[in-house]
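Take a look at the structure below.
The values are calculated or read from the model by the stated rules, or taken from the named source; none is laboratory data. In this text, all values refer to a predicted model and were calculated from it rather than measured experimentally. Every residue, glycine as well, gets a Cβ built from its backbone with ideal geometry; the counts of neighbours run over all protein chains shown.
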């Protein structure tokens with residue numbers, strides 16, 4: 001059985017691979033890892049604040065909504081970071097979500 005700490009580290013490793021200007025969702029990470037659920041991915045990412053190498057702002061819900069924004073200080077920081085990377089956000093939702101969506105299976109595992 002995977003411990004919580006090692007599961008969180010797996011989530012962080014996947015999240016570190018999301019390219020700038022792209023987003024993924026909690027469920028895609030959970031499916032890729034074949035462990036846990038989208039909710040567990042959210043819990044892991046909620047614990048990574050203060051880890052600048054984990055771009056948690058690039059993970060949104062399955063509809064492209066910035067559902068984790070309340071965990072950023074200030075809550076507008078998530079949208080601001082995405083916009084700085086070229087991701088269009090309107091009313092706390094990624095515009096053209098399907099076009100900027102990145103699935104973890106696209107990771108370069110070399």
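Before moving on, here are some points about what is shown:
- On inspection, residue 46 fails the criterion of being touching a strand residue (DSSP E or B) at 6+ places or on another chain (Cβ under 7 Å) and either within 13 Å of residue 12 (Cβ to Cβ) or without any contact (Cβ under 8 Å) to a residue 40 or more places away in the chain (or both).
- Helices (runs of 4 or more DSSP H) wholly inside the range 1-84 containing at least 1 residues that are farther than 19 Å from residue 100 by Cβ: 4-16, 26-33, 38-46
- Hits in the range 71-91 - residues which are at pLDDT below 95 and surrounded by 10 or more Cβ atoms within 10 Å (Cβ to Cβ): 71, 72, 75
- Set side by side, the residues 94, 60 differ, and just one is surrounded by 17 or more Cβ atoms within 10 Å (Cβ to Cβ), in contact with a helix residue (DSSP H, G or I) (Cβ under 8 Å, 6 or more places away or on another chain) and without any contact (Cβ under 8 Å) to a residue 60 or more places away in the chain, which is 60.
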